Amino acid sequence: MQEAITFTFNDGSVISFTPPPPVEKPIDAPTSADCASCGACCLEAGYVAVSATDATPRALTRSPKGLGLSDKTLSRLGPRCMKRHLGGRCVALEGVVGKSVSCSIYSARPNVCRQFEAGSEGCLSAREQMRYKLETDRAWRGYGENWQDTLG
Ligand code: SF4
Ligand code: SF4
C-alpha cells in the first residue's frame with residue numbers, strides 16, 4: 001500500500017490522496033498484436049544470431065567474421081547471423097516499418113527472434129529508436145517507403 005500524500009494550503013485547507021502503486025510496464029506497452037504494424041526490433045536488433053539448430057535458410061545468413069564486430073559480440077553471435085541491409089534492416093523483414101511488416105521466414109526464424117517478447121525492455125527501446133528516427137529523418141535508410149535494398 002502506498003503512503004498517503006497530504007498538501008496543506010495557505011488558507012488551511014488540506015487535501016490528501018494515495019498514489020496508485022507503480023506499474024512495471026507502461027499501460028500502453030505493446031503486445032504481439034502490435035508487431036504487424038511495427039518491425040522496430042527487426043531493424044534495430046543489430047546482427048541476429050542464427051544457431052545450428054535453427055531452420056533458417058542459409059542463404060539469408062552469413063558469417064559474422066569480417067564485420068568489424070567486437071570479440072564479445074562475435075562470441076554472442078556464434079558461427080552465423082542474419083544478413084542485414086545497410087540501415088540495419090534484417091533481410092527477412094518485409095513491408096514498411098512502422099506501418100505494415102512481416103517476417104518472410106516466420107516459421108523458420110531464428111530462436112532468438114522467437115524468444116524476443118513484445119513489451120520487453122528491448123522492444124520498448126527499439127520502438128523508441130524507430131519513433132525518433134522516423135520523426136527526425138523520414139528518409140532514414142530502412143525505415144520509410146523508399147528503403148534501399150542494399151546489403152550491409
Ligand atoms: S519492437 Fe516490439 S512491438 Fe515492435 S515488432 Fe518487435 S516485439 Fe513487436
Ligand atoms: S528473421 Fe524475421 S523475426 Fe527475426 S529479425 Fe529477421 S525479420 Fe525479424
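Here, each number is a calculation from the coordinates, and none is a lab measurement. The structure displayed is predicted, hence computed values, not measured ones. Ideal geometry is used to build each Cβ from the backbone, glycine not excepted, and the neighbour counts take in all protein chains shown.
For region 30-136, the fraction of C-alpha pairs farther apart than 15 angstrom is 63 percent. Using the Cα coordinates of region 66-117, the gyration tensor eigenvalues translate into equivalent-ellipsoid semi-axes of 23, 14, 10 Å, sorted from longest to shortest.
On the basis of the beta-carbon distance and an R0 of 22 Å, Lys99 and Ala29 show a calculated FRET efficiency of 0.65. With neighbours defined as other Cβ atoms within 10 Å of a residue's Cβ, the residues Arg127, Arg84 order from fewest to most as Arg127, Arg84. For region 30-136, a simple Cβ point-charge model (Lys and Arg +1, Asp and Glu -1, everything else neutral) yields a dipole of about 440 debye relative to the Cα centre. Legend: calculated FRET efficiency, Ser37 to Ile15, from the Cβ-Cβ distance at R0 = 30 Å, rounded to 0.05, equals 0.10.
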